[in-house]
1. Go through the stretch 115-159 and tell me which strands (runs of 3 or more DSSP E), entirely inside it, have 1 or more residues that are of a type outside the set (S, T, N, Q) and touching a Cys at 6+ places or on another chain (Cβ under 6 Å).
2. Does residue 128 satisfy the criteria of being touching a Lys or Arg at 6+ places or on another chain (Cβ under 6 Å), aliphatic (A, V, I, L, M), more than 13 Å from residue 141 (Cα to Cα) and surrounded by fewer than 18 Cβ atoms within 10 Å (Cβ to Cβ)?
3. Just the residues that are under 26 Å from residue 66 (Cβ atoms) and either of a type in the set (Ser, Thr, Tyr) or surrounded by fewer than 16 Cβ atoms within 10 Å (Cβ to Cβ) (or both), please, taken from the stretch 131-159.
4. Taking the condition modelled with pLDDT of 95 or more and either of a type in the set (A, V, I, L, M) or over 12 Å from the mean Cα position of the chain (by Cα) (or both), does residue 137 pass?
5. So which residues in the stretch 78-101 are touching a residue at least 40 places away in the same chain (Cβ under 8 Å) and more than 12 Å from residue 156 (Cα to Cα), if there are any at all?
6. Identify all residues within the stretch 140-158 that are under 15 Å from residue 97 (Cβ atoms) and aliphatic (A, V, I, L, M); write none if there are none.
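The values are calculated or read from the model by the stated rules, or taken from the named source; none is laboratory data. None of the values given here were measured: they were computed from a predicted structure. Because the Cβ atoms are built from the backbone with ideal geometry, glycine has one as well, and the counts that use them run over all protein chains shown.
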Amino acid sequence: MGIPRTFSWRDSSPLVADKRPASGGGQPAQPPRQLRVHAEELPTRWDPEIVFDALFRGTEHAFSAQQAGFPSALAHGMLTMALAGQLVTGWSGDPAALCDVAVRFTRPVPVPDDGVGARLDIRGTVTAKLDGRRVRVALDVRCDDVKVLGSAQAVVQLN
C-alpha cells in the first residue's frame, strides 16, 4: 500500500487523497480544506489563564484590535496552528500519530464580525518518507489567499 502524496478536505466531506506515488512531484491536486472562523467563536477558542490579550477576544474586543491597527479581532496563531494540525490528524485517523508540528506565524488572521468570518484554506502534502513508517507533511495555510503560516510542517507516524 502506497502513502498518499497529497490530501485535503473541503468542509466536512470525507478524506480526499491523491493516490500518486510518493515519488511524484508537483502541487497537490485536491482543493484545500476550507474552514470558517467566526468572531463570536473567538472567546471560546482560547484559555484566558494562558492568553489574556484583548486582540484575540472576538466581537466585544474588536475595538482594541482596531486601536492596534488591525481591521478586526484576530484569530490567535495557536488556533490557526491547531486547525492545521486537525487536517493532519484527520488524515492519519489517529491524533496520537502526530509526532511533531512546527510553524512560523507570518501573518495575522483578522476575523471580521460580519456573520461570514475569516476563511482559512488548509492543504497538506507528504514531502518525505522518514524512518520508522513516519512521513513529513508540508502544510499550506492561507487566509484570503495570503499565507499565514510559514515553514509549516508536521511529522506523522503511520500505522
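1. In the stretch 115-159, 118-130, 146-157 are the strands (runs of 3 or more DSSP E) which contain 1 or more residues that are of a type outside the set (S, T, N, Q) and touching a Cys at 6+ places or on another chain (Cβ under 6 Å).
2. Criteria met by residue 128.
3. 144, 145, 146, 147, 150
4. no
5. Once the filter is applied, which keeps residues that are touching a residue at least 40 places away in the same chain (Cβ under 8 Å) and more than 12 Å from residue 156 (Cα to Cα), the stretch 78-101 yields 79, 80, 81, 83, 84.
6. Those that are under 15 Å from residue 97 (Cβ atoms) and aliphatic (A, V, I, L, M): 154, 155, 156, 158.
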